[in-house]
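**Student:** The structure's right below; bear with me while I get my questions together.
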Amino acid sequence: MIKINSSSGVSSTGSVAAAPMNAVMPLFAVFAVTLILICLSIQPAVAEEVALSAVQNQGKQLAFERSKGNCLACHQMADGALAGNVGPPLLQMQARFPDRAVLREQIADARIRNPGTIMPPFEAHGILSAEEVDAIVEYLYAL
Amino acid sequence: MNLKKYVLTSLCATVLLGVLPGCGDSATDLPASDTASAVSETGIENTDLSQDKSDVALNATEIEAVLADAQEKLQIGSASGFGWTTTADLLAQAEQALEEGELERANELSVELSKQALASTQQASYSDAQWMESIPR
Amino acid sequence: MRTRLWISIVGSLIAAQCFGVFAESSAQTTPKAMASEQSAAAPEDIEAQVNLDVEVFQGFFAKRFSAVEFADYRNGVYALDEASREQWLEIEEFPPYEFSVDDGETLFETPFANGKTYADCFDNGGINIRQNYPFFDETLGEVITLELAINRCRESNGEQPLGYKKGAIASISAYMASTSVDQLMHPEVASDAAFKAYNEGKKFFYSKRGQLNFSCADCHMRVSGLRLRAEVLGPALGQATGFPVYRSKWMELGTLHRRYAGCNKNVRALPFAAQSTEYRNLEYFQSVMSRGLTINGPSARK
């Protein structure tokens with residue numbers, strides 16, 4: 001299988017290519033089993049999910065919408081379908097960002113803390129308004 | 001061995017096993033989109049600027065000045081090859097709002113336009129001086 | 001239930017940590033090798049600098065995708081992603097660009113009003129020469145791409161130029177590429193003026209653009225091979241070898257500069273005109289970075 005080796009620090013394992021077929025077989029088995037396990041473990045979580053408040057729902061819609069936050073393009077989050085893997089999955093956000101202002105700034109303009117980031121500066125570039133960023137923070141804190 | 005058959009079988013198994021415990025219904029169990037419609041299409045008209053600024057007398061001349069300034073910045077951004085696709089529409093909307101006498105909306109849009117115009121010129125100068133920061137190591 | 005949830009969360013976090021997705025290093029030091037050097041350099045110095053750039057660029061991909069054969073990069077994202085590669089190979093069984101290549105051949109062979117043909121404008125009658133484009137024309141002082149040469153050929157024979165993004169020009173370019181498959185691409189940078197054009201293309205490639213603030217390199221180097229929604233981001237290495245392409249999204253053949261404009265618009269940047277100096281310099285830089293790969297245009301892409 002192809003491993004994406006990265007020195008820039010943003011990396012993940014890639015997919016399979018140009019490998020001998022017999023080396024690929026067990027991978028699919030592993031892949032299948034992993035998928036099943038993920039399904040089994042996530043399902044109860046979704047079922048138990050606390051109802052979102054109005055503003056959290058608004059934030060969720062903004063986070064999923066392609067012309068808005070489009071967070072799913074790069075991040076896995078909750079029940080979002082076909083999420084990308086360019087950035088880290090968005091879970092346990094309160095634990096990871098105990099300071100709400102830091103999380104907010106990460107969305108508004110991630111360059112402030114990390115000049116080398118490739119995350120778009122959502123508020124600084126007017127991709128989202130200040131109110132929209134606030135709503136997304138509310139939603140992320142529910143994850 | 002037939003790789004395709006193998007893949008299909010394992011995928012089918014995955015899907016079947018996944019669907020059985022209800023894995024597939026994630027799309028149906030969250031009413032998010034129903035309740036979240038409060039967010040506007042453009043995302044900029046739902047702000048409370050109109051209330052906050054109701055005591056500030058908006059006048060068309062000032063807004064025109066803001067727009068003129070924004071257009072100047074836009075030209076700098078475009079001339080250096082760093083124009084954005086989002087600004088033409090904002091400008092048109094702002095001008096229309098101004099024409100229709102919707103000063104609050106015109107003001108909001110022109111402020112947003114100024115912000116984006118400035119950001120695009122900043123991006124142009126950042127890229128001019130620090131483009132090599134994008135070279136991955 | 002809770003326990004299972006926690007296990008899945010902790011497991012995912014550990015997995016994500018292992019893959020290194022959280023560590024976005026901020027300390028960016030620019031390798032001297034890739035820094036732009038400007039003008040007044042001896043030809044051998046220019047060649048040394050360009051060679052070093054190529055080495056660093058190709059080395060990046062060799063390290064990132066250690067299992068991918070160098071020659072396979074001409075196949076774009078299909079060099080990286082097995083699932084899409086299989087679909088692609090099936091599409092290539094009955095190539096969707098086949099009719100366009102036939103059209104292109106007919107157009108190529110049809111004489112202009114003055115009785116001359118495209119063959120009169122090109123070396124070797126225009127056959128098996130795709131690999132020689134783009135090149136830096138020392139007399140004209142600019143990068144000449146194949147599509148530009150096609151239109152200049154038309155104009156020098158009293159014909160109207162064709163639109164640069166699709167249609168007849170893409171078909172003619174596709175036919176010409178099809179006669180050059182497997183030929184080695186090795187564009188030279190042999191003068192100060194050429195080096196200047198090359199450096200402008202390089203600067204374009206690494207400059208952040210548009211409201212979304214992405215450079216070409218951000219997506220097609222730094223996070224290449226990862227997924228944007230369901231799409232795997234293709235590697236920048238080899239991006240110029242397979243054009244023109246039949247894109248499923250377009251449902252027709254299109255040129256490299258059409259794709260450039262699409263990419264710019266995706267990041268919400270105002271695109272440049274096809275065959276503008278900016279895009280030609282970018283194509284030149286990208287082609288130099290792909291030195292050593294072979295022509296495989298036209299090809300099918302998603």
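**Student:** Find the residue count for region A:108-125, including only residues that are surrounded by 23 or more Cβ atoms within 10 Å (Cβ to Cβ) and touching a helix residue (DSSP H, G or I) at 6+ places or on another chain (Cβ under 6 Å).
**Tutor:** Residues that pass the stated criteria total 3.
**Student:** For region C:202-245, give me the residue count where each residue is under 25 Å from A:ARG66 (Cβ atoms) and in contact with a Pro (Cβ under 8 Å, 6 or more places away or on another chain).
**Tutor:** Number satisfying all stated conditions: 11.
**Student:** Give me the strands (runs of 3 or more DSSP E) completely within region C:191-302, filtered to those with at least 3 residues that are out of contact with any Ser or Thr (no Cβ under 8 Å at 6 or more places or on another chain), modelled with pLDDT under 95 and not aliphatic (A, V, I, L, M), ordered by residue number.
**Tutor:** none
**Student:** To continue, here is another question. Would you pick out the residues in region B:79-112 that are at the interface with another protein chain (Cβ under 9 Å from one of its Cβ atoms), assigned to a helix (DSSP H, G or I) and surrounded by 18 or more Cβ atoms within 10 Å (Cβ to Cβ)?
**Tutor:** Hits for region B:79-112 are B:THR87, B:LEU90, B:GLU112.
**Student:** What pairs come out if I take residues in region C:215-237 that are facing chain B (nearest Cβ under 10 Å) and pair them with residues that are among the basic types (Lys, Arg) whose C-beta lies under 8 Å away, six or more apart or interchain?
**Tutor:** Every condition considered, the pairs that remain are C:SER215/C:LYS208; C:SER215/C:ARG209; C:ASP218/C:LYS208; C:SER224/C:ARG64.
**Student:** Taking region C:35-46, which residues are over 18 Å from B:GLU133 (Cα atoms) and at pLDDT below 95?
**Tutor:** Passing the criteria: C:SER39, C:ALA40, C:ALA41, C:ALA42, C:PRO43, C:GLU44, C:ASP45.
**Student:** Go through region C:73-129 and count every residue that is at pLDDT 95 or above, of a type in the set (Val, Ile, Thr) and under 23 Å from the mean Cα position of the chain (by Cα).
**Tutor:** Number of matching residues: 3.
**Student:** Separate question: For B:PRO136, which of the numbered conditions (1) crowded, with 20+ Cβ neighbours inside 10 Å; (2) assigned to a helix (DSSP H, G or I); (3) out of contact with any strand residue (DSSP E or B) (no Cβ under 9 Å at 6 or more places or on another chain) fails to hold?
**Tutor:** (2)
**Student:** Here is a further query. Checking A:VAL133 against (1) free of Cβ contacts under 8 Å to residues at least 60 places away in the same chain; (2) buried (at least 20 other Cβ atoms within 10 Å of the Cβ); (3) facing chain C (nearest Cβ under 8 Å), only one condition comes out false. Which one?
**Tutor:** (3)
**Student:** Counting only residues that are on the phi > 0 side of the Ramachandran plot and of a type outside the set (Asp, Glu), how many does region C:159-209 have?
**Tutor:** 1
**Student:** List the number of the failed condition for A:GLY59; all other conditions in (1) assigned to a helix (DSSP H, G or I); (2) facing another protein chain (nearest Cβ under 7 Å) hold.
**Tutor:** A:GLY59 satisfies all of (1) assigned to a helix (DSSP H, G or I); (2) facing another protein chain (nearest Cβ under 7 Å) except (2).
**Student:** In region C:176-214, which residues are facing chain B (nearest Cβ under 10 Å) and in contact with a strand residue (DSSP E or B) (Cβ under 9 Å, 6 or more places away or on another chain)?
**Tutor:** Passing the criteria: C:LYS208, C:ARG209, C:GLY210, C:GLN211, C:LEU212, C:PHE214.
**Student:** Then there is this: For region B:122-131, what are the residues that are of a type outside the set (A, V, I, L, M) and either at positive phi or crowded, with 21+ Cβ neighbours inside 10 Å (or both)?
**Tutor:** Of everything in region B:122-131, those that are of a type outside the set (A, V, I, L, M) and either at positive phi or crowded, with 21+ Cβ neighbours inside 10 Å (or both) turn out to be B:GLN123, B:SER127.
**Student:** Out of all the residues in region B:69-78, is one or more modelled with pLDDT of 90 or more and within 11 Å of another protein chain (Cβ to nearest Cβ)?
**Tutor:** yes
The values are calculated or read from the model by the stated rules, or taken from the named source; none is laboratory data. On a predicted model such as this, the values are computed, not experimentally measured, just so you know. Methodologically, a virtual Cβ is constructed for each residue, glycine included, from the backbone with ideal geometry; neighbour enumeration extends over all protein chains shown.
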